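Just so it is clear, none of the values below were taken in a lab; they were calculated from the coordinates. As the structure is a prediction and not an experimental result, all values here were calculated from the model. No Cβ is skipped: glycine too gets one built from the backbone with ideal geometry, and neighbour counts run over all protein chains shown.
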Amino acid sequence: MDISDNFMKYDPNKLQKFGFIKRDGLDSININPLQTAGRLTEDAKKALTEWGDGYSVCDYCDGILDLIKKPPIEDFVHNVLPEFLGTDQARVTNGAREAKFAVYNTLSKKGDYVIMDGLAHYSSKVAVERAGADVRTTEKTSSPEYEILPEHYIDAIDSGIKEFGKKPVAVQLTYPDGNYGNLADVKKISKIVKEYDVPFVLNCAYSVGRMPINCKSAGADIIVGSGHKSMASCGPVGVLGVNDEYADKIFRKSSHNKVKEIELLGCTSRGAPIMTMIASFPEVLRRTQPENWDLEVKKAQKFIKRLTDTGKFDIYGQKPHKHDLMFMKSEGFANISERAKGGRYFLYKELKERNIYGIKTGLTRNFKISTYGLTNEEVDYVAESFEDILKKYDEI
Ligand SMILES: Cc1ncc(COP(=O)(O)O)c(C=O)c1O
């Protein structure tokens, strides 16, 4: 048999659904927390087409991608990113989860374990699992706050030591968590972790690029961020900041190729994703200045107040809320879903008619939303639309 035997036949008729596909809802107001801070800036959109060809940046590489001088990847990765993250060293990765995997694959072996907050994202857990180690999580307070308290870490670390007969290889906090947008007392937790003398890792997928956060000031050793979630970049791309104490280990080099870092599989982001991250960086740095983040928090709080004033909404998580990611609870929409045509799909339809996207189809009682980067007019329009829908179905 020849290797081309049975090779797929070219039949244009069967391929019509492929090729360029228009994106539904592209020009709508998107309130999905996954999307609000990953939207590209105008410069990043230009960079995407300019650098979209495969390995575009590799034309300029002498073997170490993060040392490319022109375009200024070296300056970005080795000077700007460490200052932005507040770490001694930094790298660009293919996402927050790849950054966490690099860390846990370095720090752990079979039989080891990592302690995480009780709200940790699945990607943190699978990163540890893939590295061959176990995960144990802290408790959290009950509904509706679901807070992670510093004492929860003491309990979790102590019971981990009892169960495994040794300290965890690392302790992680999700800051904020991806469900409720809760910001735990990171400095108190870091002091506790220091007492056990283990590395403290911050998963800042929802903070790096949205709000000011400095790893050293927070008392952590390692920080990860997500470019496509929070740094106005096209995915997949993330960032990893590491202090010197752990940098040589995590960024150790291959014995087969002296310049390639093992945990990064030699090279990471090698085209459009890193170039969009660089293109958006001036805007990302502007928007994360404390005074601009304050405006984002105020915007979210105003939105929450307006909706809760109707008596038909509430939020889970910390009050007052300190992040743009909100987990809403809506008795009003849930009531409507029981009698509306289309049942629980009514909300998605009503919002789509108003050019609002981002609440998953079928959700009415509980859903996550974000006001990040929306103009005040857009936030008012979303709140007004929620109220209109309640009025239309006689809920208020
Ligand atoms: C809290 C949190 N951490 C990490 C991630 C994963 O980020 P990435 O896609 O960059 O791996 C997510 C994605 O939803 C998240 O919500």
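Remarks
- Cα-Cα separations in the stretch 42-287 greater than 25 Å, expressed as whole percent: 40
- The value obtained for the stretch 269-387, namely the Cα convex hull volume divided by the number of residues, is 134 Å³ per residue.
- Here the chain is assigned +1 on the Cβ of each Lys and Arg and -1 on the Cβ of each Asp and Glu. Its dipole about the Cα centre then comes out at about 640 debye.
- When shorter helices are ignored and each DSSP H run of at least 4 residues is given -39500 (n - 2.57), the per-residue value for the chain at 222 nm works out to -11000 deg cm²/dmol.
- Charge tally for ILE278 (other residues, Cβ to Cβ under 10 Å; Lys, Arg +1; Asp, Glu -1): -2.
- Among ASP134, ASP177, ASP11, the largest mean-square fluctuation in a Gaussian network model of the chain, built with springs joining Cα atoms closer than 10 Å, belongs to ASP11.
- The stretch 137-159 and the stretch 335-396 have Cα centres lying 33 Å from one another.
- Most positive-pole-ward Cα, LEU351, TYR175, VAL186, against dipole of the chain from beta carbon charges: LEU351
- Note on the chain: with a GNM built from Cα contacts shorter than 10 Å, the maximum mean-square fluctuation among CYS215, CYS58, CYS234 falls on CYS58.
- Computed over the stretch 1-151, the alpha-carbon pair-distance distribution with 10 angstrom bins reads 8, 19, 27, 26, 16, 4, 1, each value a whole percent.
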